[in-house]
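Structure first, then comments.
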Amino acid sequence: MKKLTIDLGQRSYDILIGTDLIEQTGRIIVEVLFPSQVIVLTHPSIKALYGEKLDSALSSVGMKPHWIEIPEGESSKSLAQAGEIFDRLFELNCDRKSLLVALGGGVIGDLTGFIAAVWLRGLPFVQVPTTLLSQVDSSVGGKTAINHPQGKNLIGAFYQPQRVIIDLNTLKTLPANEFKAGLAEVVKYGIIEDPDFFEFLENNSTAILAQDPECLQRIVQTSCTVKGQVVEKDETESNHRMILNYGHTIGHAVEALTHYTDYLHGEAVAIGMVYAARLSRNLGKCDPGVPERIQALLEKLGLPTTLPKLDVDAIVESMTHDKKAVQKKIRFVLVTQIGTVEIVDDIPPNELKKVLQND
Ligand code: NAD
Ligand code: GLY
């Protein structure tokens, strides 16, 4: 088991990465917390897979948990769902010493984190992420949110967990498309910060897709390390943290214009990363080899790299609604070489349209 520490002063916490960690959850929690009760939030399907193990791990340290089951899907990150959970917390007499545990992917993690941030003005919570995306991205860094009908993640808070417990065994039951979608974020860490890691991904794509245990440990560990370092520098995204959004500006537009049905988030980000690299090349920021390498790696990992047929003006218009846009000026993360990016404001719309049209 590997332990990483995210250093955020009083809000610091450890990320534990290894196998068979669900079985050790009780022991891991009592190292840092003595909750009055434990309430686990999860989907019924995840409870069916991992509920018994987690229940007995918590019961073994005297913390028999209550369970709140939440329907699957992005639509559960809603005010209505949050309202139902608040009702349950009231019934359970959930006090400030109660602990919430998020067992699931990013939907469960974002929703549970949001509830933890606002119920009684703040409860401790622990993330037990079970998708690759949540293990390498959403469980780390304290972004919690629910959606507004007009946009994703518009209602939320920066609120850090007490611990992140990453059991790599849970990936064995994850559908292959969800696993590959998580790999897009893994590639992103190589692009923004770590050229050696990018090369490792290029050289080990087959073993990664086969979920070789050593590869999994390395990719999750390195991803959490890079993300943690970025969050330590800029917890509330005043500027630097935006580099984590590499590929997301176009990716979010693709997701929105295809009504969040055609692409998983990571798939849309994969497309976005290729076009962001081509834009970087066209603006003279990087060599032509950079977008080519990014595209080749994503394709090896079974991810899409071509924009679907969409109206280019609609893509650009959608980008002006991006949370990172300021006064409708599109803010972009551009790549200068593998491992280095820069944040550029006010990209000329004609350059953007050219890259979206040409390829
Ligand atoms: P998800 O939580 O919807 O999980 C995807 C599917 O996989 C679900 O059907 C789920 O039930 C299933 N699943 C989860 N773990 C499983 C397992 N071990 N075995 C079998 N099935 C399993 O999707 P996601 O991709 O994990 O997360 C997407 C969410 O994360 C979005 O809401 C996005 O906004 C959010 N997000 C947040 C951040 C952040 O920093 N907070 C970052 C990126 C994404
Ligand atoms: N997923 C981007 C961030 O946490 O900032």
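Placing +1 on the Cβ of every Lys and Arg and -1 on the Cβ of every Asp and Glu, with no other charges, gives the range 248-359 a dipole of roughly 200 debye about its Cα centre. Distances between placed amide hydrogens fall under 5 Å for Val40 paired with His66, Trp67, Ile68, Val101, all partners being 5 or more residues away or on another chain.
Against the main long axis of the alpha-carbon atoms of the chain, helix 176-193 sits at an angle near 70°. Relative contact order for the range 87-226: 21 percent, from Cα pairs under 8 Å spaced at least 6 residues apart, divided by residue count.
Which percent of the accessible area of the range 152-198 is formed by carbon and sulfur heavy atoms (probe 1.4 angstrom)?
That share works out to 47 percent.
When the alpha-carbon atoms of the chain are used, the pair Rg, Dmax equals 20.0, 62 angstrom.
Order 18-27, 307-316 from most to least packed using the mean count of other Cβ atoms within 10 Å. Don't skip to the answer; put the middle values down first.
Values: 18-27: 18.3, 307-316: 13.9.
Ranked by mean Cβ neighbours within 10 Å, highest first: 18-27, 307-316.
Net charge dipole, the chain: roughly 520 debye, given to the nearest 20, about the Cα centre with Cβ charges of +1 for Lys and Arg and -1 for Asp and Glu.
Solvent-free Debye calculation, one equal scatterer per alpha-carbon of the range 222-339: log10 I(q)/I(0) at 0.14, 0.19 Å⁻¹ equals -0.61, -1.14.
Remark: relative contact order (the chain) = 14 percent; criterion is Cα-Cα distance under 8 angstrom and separation of 6 or more residues.
Taking amide hydrogens as placed 1.01 Å from N in the peptide plane, the amide H of Tyr13 sits under 5 Å from those of Ile6, Leu8, each at least 5 positions away in sequence or on another chain. Measure nothing but the geometry: give the 0 to 90° angle between the long axis through the Cα atoms of 106-118 and the longest principal axis through the Cα atoms of the chain, rounded to 10°. Here the helix axis deviates by roughly 60 degrees. Just list whichever of Lys152/Lys353; Lys3/Lys285; Lys143/Lys300; Lys3/Lys329; Lys97/Lys180; Lys77/Lys97 have alpha carbons separated by over 32 Å in the model shown. Correct reply: Lys3/Lys285; Lys3/Lys329; Lys97/Lys180.
Distance distribution note for the range 253-302: the fraction of Cα pairs above 18 angstrom is 37%. Close amide H pairs (under 5 Å, H built 1.01 Å from N) link Ser78 with Asn147, residues at least 5 positions away or on another chain. Remark: C-alpha extents of the range 1-115 on the principal axes read 37, 33, 27 Å, sorted largest to smallest. Taking the longest Cα principal axis of the chain as reference, the axis of helix 44-59 is set at about 50 degrees.
Note that the range 185-290 presents 36 Å² accessible area per residue, ligands and nucleic acids not counted, probe 1.4 Å.
For the range 16-75 versus the range 219-252, the spacing of their alpha-carbon centroids is 27 Å. Among the protein heavy atoms of the range 7-54, carbon and sulfur supply 52% of the accessible surface, probe 1.4 Å, non-protein parts ignored.
The values are calculated or read from the model by the stated rules, or taken from the named source; none is laboratory data. Computed from a predicted model, the values in this text were never measured in an experiment. Backbone-built Cβ (ideal geometry, glycine too); neighbour counts: all protein chains shown. Please note that ligands, DNA and RNA were not included when accessible areas were found on the heavy atoms of the full protein model with its side chains. Shrake-Rupley method; radii C 1.70, N 1.55, O 1.52, S 1.80 Å.
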